[in-house]
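These notes concern the structure reproduced below.
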Amino acid sequence: MRYLICVLLLSSIIGYSQNYTEYLTGNANDIVVTPDSGVCLMGGASESDEAMVWFLEKANGGDVVVLRASGSDGYNNYFYTELGVSINSVRTFVINNENGATDSYILDKIEKAEAIWFAGGDQYNYVSYFKDNVVEDALNAFVNDKQGVIGGTSAGMAILGSSYFDAENGTVTNAEALANPYDNKVSLGYNDFLSIPYLEGIITDTHYDDPDRRARHSVFLARHATDTGFASFGIACNEYTAVCVENDGRAYVYGDYPNYEEYAYFIRSNCNIENFSPENCSNGNPLDWNKEGEALKVYKVPGITTGENYFELGDWTNGSGGTWESWYINNGTFNTAPTTNPFCNLLSIAELTENNIAVFPNPFQNELQLSILYKNYKVVCFDSFGRVALSVTSKNIIDTSSLASGIYFVNITSVGVSKMIKMVKK
């Protein structure tokens, strides 16, 4: 009996001291195939089988890596045998710390994967384990260079936008966030972690069945607009709803509506690019973001099993199967109202006349030059779909050799100043 107790105690210590645990189902040998790109965002309860089939088919018979910070191998059999999609393997890593995340073995499997899935849990674990290290680099290379499919549920969805709520200080309720947008629980990151096509500048949120989430998500977007000076965008899902984004930016919504109230929400600050920021978003004061009842424009889309309803992330205006709402906040009180399509266009932006800013040449080739009288400024170059093509801070000569030929919109902002210029690269 003493021997058994010692063995059990030793096993528990070894298990606790491990940096990660691996679970493998399928072929241990890597298979090399070309994946199809895409993003799957899941609302946080049990998975939508139809969306998961979409996700797995993007792997083209290759290898799936599941990353999680708690739990065990719950996805292995589900992905490998239960959905009827042929794949080479499912490999789950339950990661206990940053040393586990950055282990060369795990990095190798991320690099060789065709599909990567983030499970639920505590998103701050993912941020603290994966951000600002070689894992961040590996994940961004997987998405942007290899162009593999990526997705996540609950906390795994929460980290996929380029801006995100990191939950470093725990979760936050709508009452806490509305009363003070700079409450220490409203802990956000901006454009410093994952860079996924069509999710630039987007903050995601999950478990939207709880109406509490709409208000706090609006606070996140208000903070983004205030802190960065750029328009805010959000994607949210009810718990049994999924959004699957194709590589052309069309986001299809899966769920079991009308049997259940399963919706996805596509949220953006109002269309006036010169006047979208909150009236009052400051530390210690209730949020006031009204804009005459149109602070946020929201396309609410029911998820159906065929995934036919959609929204276009390329222009944030067009969709099918949904309805439009306006959301606004009066002195800490969240409100909604029905509305019509605002026909916002990311690129139909009135230029501010500002003689102290000039960008040349136009057309340009491998560099842009700026003549600007401000010391601190930001330059963001959007492509014709409104996606961020490059972003730099306080540079007078910008290397544009990585940009493809085409039309671009260069936005220069400084304190109290903004100018948008249409440019052509030959």
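Laboratory data are not the source of any read-out in this text; all were calculated from the coordinates shown. Note that the structure is a prediction, hence the values are computed from the model and not measured. Ideal geometry is used to build each Cβ from the backbone, glycine not excepted, and the neighbour counts take in all protein chains shown.
Structure values in brief
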{"item": "Span from the the stretch 376-416 Cα centroid across to the the stretch 42-66 one, whole angstrom", "result": "34 Å"}
{"item": "Per-peptide average of other Cβ atoms within 10 Å, ordering 108-118, 75-85, 255-265 highest first", "result": "108-118, 255-265, 75-85"}
{"item": "Cα centroid separation - the stretch 122-157 against the stretch 263-327, whole Å", "result": "26 Å"}
{"item": "Cut-off 13 Å between beta-carbons: net charge of the residues surrounding GLU57, Lys and Arg +1, Asp and Glu -1", "result": "-4"}
{"item": "FRET E, pair GLU308, SER86, Förster distance 25 Å, beta-carbon r, rounded to 0.05", "result": "0.50"}
{"item": "Axial C-alpha extent at least 15 Å, average Kyte-Doolittle at least -0.5 - helices from the chain (DSSP)", "result": "2-17"}
{"item": "Length released on extending from THR173 to ALA28, taking residue separation times 0.36 nm less the Cα-Cα span", "result": "47.8 nm"}
{"item": "Taking the chain and dividing mean pair separation by its residue count, relative contact order in percent (alpha carbons under 8 Å, at least six apart)", "result": "12 percent"}
{"item": "Two-decimal log10 I(q)/I(0) for the chain, as the Debye equation yields it once each C-alpha is a single scatterer, q = 0.09 Å⁻¹", "result": "-0.59"}
{"item": "Packing-based order for 21-33, 141-153, using average beta carbon neighbours within 10 Å, highest first", "result": "141-153, 21-33"}
{"item": "Relative packing of peptides 46-53, 239-246 - highest average C-beta neighbours within 10 Å first", "result": "239-246, 46-53"}
{"item": "Convex hull volume per residue for the stretch 357-425, taking Cα atoms only, in Å³", "result": "73 Å³"}
{"item": "Hydrodynamic radius by Kirkwood, which averages 1/r over all alpha carbon pairs of the stretch 159-236, in angstrom", "result": "12.3 Å"}
